[in-house]
Amino acid sequence: MSTRRRSWAEPFKIKVVEPLALTTRAQREKAIENAHYNTFLLRSEEVYIDLLTDSGTSAMSDYQWAGMMLGDEAYAGSKNFYNLENNIRKYYGYPYTVPTHQGRGAEHLLAKIMIRPGDFIPGNMYFTTTRAHQELAGGTFRDVIIDEAHDPANLHPFKGNIDIGKLEALVKEVGADHIPYINVQACVNMAGGQPISLSNLKEVRKVCDSHGIKIILDATRAMENAWFIKMGEPGHKDRSCAAILKDMCDLTDGCTMSGKKDLLVNIGGFLALRDKHLYELACQQVVLYEGLHTYGGMAGRDMEAMSRGIEEAIQDDHLRARIGQVHYLGNKLIQEGIPIVQPIGGHAVYLDAKRFLPHIQQSDFPAQALTVALFLESGVRAMERGIVSAGRDPATGDHRYPNLELVRLTIPRRVYTQAHMDVVSESVAACYEEREWVGGLKMTYEPETLRFFQAHFEPIGTWASAKNRQENAALAGSSEGMQLD
Ligand code: PLI
């Protein structure tokens, strides 16, 4: 057999396209100033390649769009709900489903029905909305991820794993009665999209069983996690991602889900459970906050698109190409010598802002500054995942100082081509070459919760104008700045 390398390619062809805007540096300077140096506050038409998030930004297939036309918009008992419920039973294995408008809707319901004031909720690193809902319900989040996850250069293949010792220590400290569940996130977002292994999940199940603690999976990117288990955990190479996903869910008592990621839809989520009593409690809450338990804030057509998304997203060919594209970008950046989180995760490549901009101290928001620099350089929009996202400690009121100070280049599913990834890689490399020019930021407006979404910033000193002087005619990211070779 030939040993010639055989490439993967996207298992789809393009049927509809959306033009992208090429902008000048002067336009981007104005845009980012108007957005208070927060990429969440940019208008999307000001962005060239949008890597803010993989959430709700996927391209749907013709099969999903066809399903949209079959929306049954009855207030109660829509057939699309039953299609969704059936597919969740088939692929995830949970008998009871409560649809929600998106993932945080499910987190809200879960917190309401399971957390009492004074409870502790262990998890493999925090996620912003997840922890906010735990705290809103009077709970306290405790990080029980393995130490390796906090080190951006550590090459552990399953940095999403739970540290069993940390979990046992928490049980000893606060008592199992004060731990309603452990929140186990697949492909841990804030760690760099890092997967959890099936063997670790089995160990967690054993410990939780011995203390009577439930396990709730954050299944937002569980299919992508299944791909990493298939490729990296002994004994799974020849198994389908569908079989692995089912194994993961079998070890848990329920899940929260943002369908906007794995499931290839622009809106939607669900809470799925095994326990009938908990399901009934969730049904009582969903009518208050989302909608009737057979639509939970979603239109019938959106439930149909999500149900069909489950069938498509779990295909090995889809996951190979999806994660293949993320790794293509990550490997190009590694070749350029750019400091990124390794191993490369599932949904994004994360720049390590501490190593990228070592001259900016963490309290001057280096990762936020890097998102600004990258946008100015080329119109690529990324997201801060560092001190701004971490927020303040409710007990002390001080900034939390996470070890990971990252910029996330998040790849939407089925949206951009390899050529876009090349442009992104070149833009980041250009930014890296001139990194001394980038300065820190100060926060001028700080919302009380989830501040990263709406905070305002200003450059400290004159770093942006210094760059203006050097390059006032530069058009990187516009057609004039490109080479046609
Ligand atoms: O954005 P939602 O409400 O559909 O989902 C919340 C949510 C829960 N868990 C995890 C792991 C997430 O990544 C998540 C949302 N993530 C966003 C919006 C992101 O940009 O990563």
Order of Thr252, Thr417 from fewest to most other C-beta atoms within 10 Å?
-> Thr417, Thr252
Quick one: which residues, 5+ away or cross-chain, put their amide H under 5 Å from the amide H of Met125? H built at 1.01 Å from N.
-> Val144, Ile145
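With a ≥ b ≥ c taken as the square roots of the eigenvalues of the C-alpha gyration tensor of segment 356-437, please select rounded if a/c is under 1.5 and otherwise prolate if a/b is larger than b/c or oblate if it is not? Please list the in-between numbers first.
On the way: a/c = 3.31, a/b = 1.65, b/c = 2.00.
Note, shape of segment 356-437 comes out oblate.
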Rg/Rh for segment 68-139, where both radii come from Cα atoms and Rh is the Kirkwood radius | 1.08
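Test of the criteria: in segment 42-128, which trypsin sites (Lys or Arg not before Pro) are in a DSSP loop and have at most 10 other Cβ atoms within 10 angstrom of their Cβ?
Details: sites: Arg43, Lys79, Arg89, Lys90, Arg104, Lys112; in loops: Arg43.
Listed in order of number, the matching sites are Arg43.
If you take every residue apart from His108 with its C-beta less than 15 Å away from the C-beta of His108, what net charge results, scoring Lys and Arg +1 and Asp and Glu -1?
Numbers: positive: Arg104, Lys112, Arg131; negative: Glu107, Glu135, Asp218, Glu290.
Once all neighbours under 15 Å are counted, the net charge is -1.
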Of Leu376, Asn266, Ile344, farthest towards positive along the dipole that unit charges on Lys, Arg, Asp, Glu beta carbons give segment 257-379 | Ile344
In sequence order, calculated HN-Hα J values of segment 69-77 (Karplus, 6.51, -1.76, 1.60; Hz; x Gly/Pro) = 6, 9, x, 9, 8, 5, 5, 10, x
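Which pairs, out of Lys354/Lys442; Lys214/Lys276; Lys202/Lys246; Lys172/Lys214; Lys30/Lys354, put more than 19 Å between their alpha-carbon atoms?
Numbers: Lys354/Lys442 17 Å; Lys214/Lys276 14 Å; Lys202/Lys246 13 Å; Lys172/Lys214 16 Å; Lys30/Lys354 27 Å.
Going by Cα-Cα distance, Lys30/Lys354 fall outside the 19 Å limit.
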Helix-only mean residue ellipticity at 222 nm for the chain, each DSSP H run of n ≥ 4 adding -39500 (n - 2.57), per residue, nearest 500 | -12000 deg cm²/dmol
For a label point 7 angstrom out from the Cα of His178 toward its Cβ, which stretches of segment 104-124 have the backbone nitrogen within less than 11 Å?
-> 118-121
Using alpha-carbon positions, the gyration tensor of segment 98-198 gives root eigenvalues a ≥ b ≥ c; with a/c under 1.5 called rounded, otherwise prolate if a/b exceeds b/c, else oblate, the class is oblate
DSSP beta bridges in the chain [antiparallel fraction, %, rounded to 5] = 65 percent
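Specify whether the C-alpha gyration tensor of the chain places it in the rounded, prolate or oblate class, a ≥ b ≥ c being the square roots of the eigenvalues: rounded for a/c under 1.5, otherwise prolate if a/b is larger than b/c and oblate if not. Mind dumping the intermediate values first?
Values: a/c = 1.55, a/b = 1.33, b/c = 1.17.
Since a/c reaches 1.5 and a/b is larger than b/c, the shape of the chain is classed as prolate.
Among Tyr416, Tyr295, Tyr75, which comes first, second and so on when ranked by fewest other beta-carbon atoms within 10 Å? Display every interim value, and only then the final one.
Working: Tyr416 20, Tyr295 25, Tyr75 10.
Sorted ascending by nearby Cβ count, the order is Tyr75, Tyr416, Tyr295.
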Dividing the alpha-carbon Rg of segment 214-325 by 2.2 N^0.38 Å yields what?
-> 1.14
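Throughout, read-outs are computed from the coordinates displayed, never taken from laboratory work. Worth saying up front: this structure is predicted, and the values here are computed from it rather than measured. Cβ coordinates were reconstructed from backbone atoms using ideal geometry, including for glycine residues, and neighbour counts include every protein chain displayed.
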